[in-house]
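Below is one structure, written out as structure tokens; the observations come after it.
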Amino acid sequence: MPILAWAGVDLGVEHKRWPDKYDHHFRKYAKHYFGPNVDWRWFKAQGIAESNLKPQARSSSGAVGIMQILPSTYKEIKRSNPQLLGITTPRSNIAAGIYYDRQMYRRWKDKGFSRDERLAFAFGSYNAGYTRIKNTFQRLDPPEAAWEHVEHHVPGQTRYSVRRIRRLMDRGGGAG
């Protein structure tokens, strides 16, 4: 995915380059799955990092939509969320992506992370798979409670994705 940048840096999540067309979905499902104290812009930043907010996006691995969800993962998510429509429907794709983020976030409970570190581990798990990130984390001696210690041992695409989400937030949207 190309980095859309100005003067060599990622544009912030609040930049006019990123449409607000789907913001109501990001707000609604962030609040629904994470509560009012987690900034919904984290998930918009994830959508930007995954697809540049393009609902028709498809990856070479078969991931689909704004949140780049694999059809097999979507099928699992839909079992718990039968109200979701098709994977290509922006509302359902965003809802499913944030629901899955929540599942990953819960798996990193009780590791001594700050909320932002826990989100980084959740985003990394979303991208590369929970087991891959967990195994990498556990191989560190002793396990370090910071994404920066783990990211050097994960696939480049995952490292890039999490870094981009964080840069998008740093440049517009706050850490909320």
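The values are calculated or read from the model by the stated rules, or taken from the named source; none is laboratory data. Bear in mind the structure is a predicted one, so any value in this text is a computation, not a measurement. Cβ atoms come from the backbone with ideal geometry, glycine included; neighbour counts cover every protein chain shown. The area values use the complete protein model at the heavy-atom level, side chains included, leaving out ligands, DNA and RNA. Shrake-Rupley method; radii C 1.70, N 1.55, O 1.52, S 1.80 Å.
Scanning the stretch 38-63 for residues that are open to solvent by 20 Å² or more (accessible area, probe 1.4 Å), out of contact with any helix residue (DSSP H, G or I) (no Cβ under 8 Å at 6 or more places or on another chain) and part of a loop (DSSP other than H, G, I, E, B) yields 54, 56, 59, 60, 61.
Each row is one residue, and each column tells you yes or no for (1) outside any helix (DSSP H, G or I); (2) free of Cβ contacts under 8 Å to residues at least 40 places away in the same chain; (3) out of contact with any Leu (no Cβ under 9 Å at 6 or more places or on another chain).
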{"site": "84", "(1), (2), (3)": "yes, yes, yes"}
{"site": "94", "(1), (2), (3)": "no, no, yes"}
{"site": "99", "(1), (2), (3)": "no, no, no"}
{"site": "102", "(1), (2), (3)": "no, no, yes"}
{"site": "105", "(1), (2), (3)": "no, no, no"}
{"site": "117", "(1), (2), (3)": "no, yes, yes"}
{"site": "120", "(1), (2), (3)": "no, no, yes"}
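Residues in the stretch 1-37 that are open to solvent by less than 20 Å² (accessible area, probe 1.4 Å) and under 17 Å from residue 162 (Cβ atoms) were compared, and the one that is modelled with the lowest pLDDT is 10. Here the stretch 156-176 is the region considered, the condition is being modelled with pLDDT of 90 or more and touching a helix residue (DSSP H, G or I) at 6+ places or on another chain (Cβ under 6 Å), and the residue that is farthest from residue 50 (Cα to Cα) is 169.
Residues of the stretch 100-119 being out of contact with any Lys or Arg (no Cβ under 7 Å at 6 or more places or on another chain) and crowded, with 20+ Cβ neighbours inside 10 Å, which ones? Within the stretch 100-119, 100, 101, 104, 118, 119 qualify. Per the listing 125, 114, the residue uniquely of a type in the set (Ser, Thr, Tyr), modelled with pLDDT under 95 and under 19 Å from the mean Cα position of the chain (by Cα) is 114.
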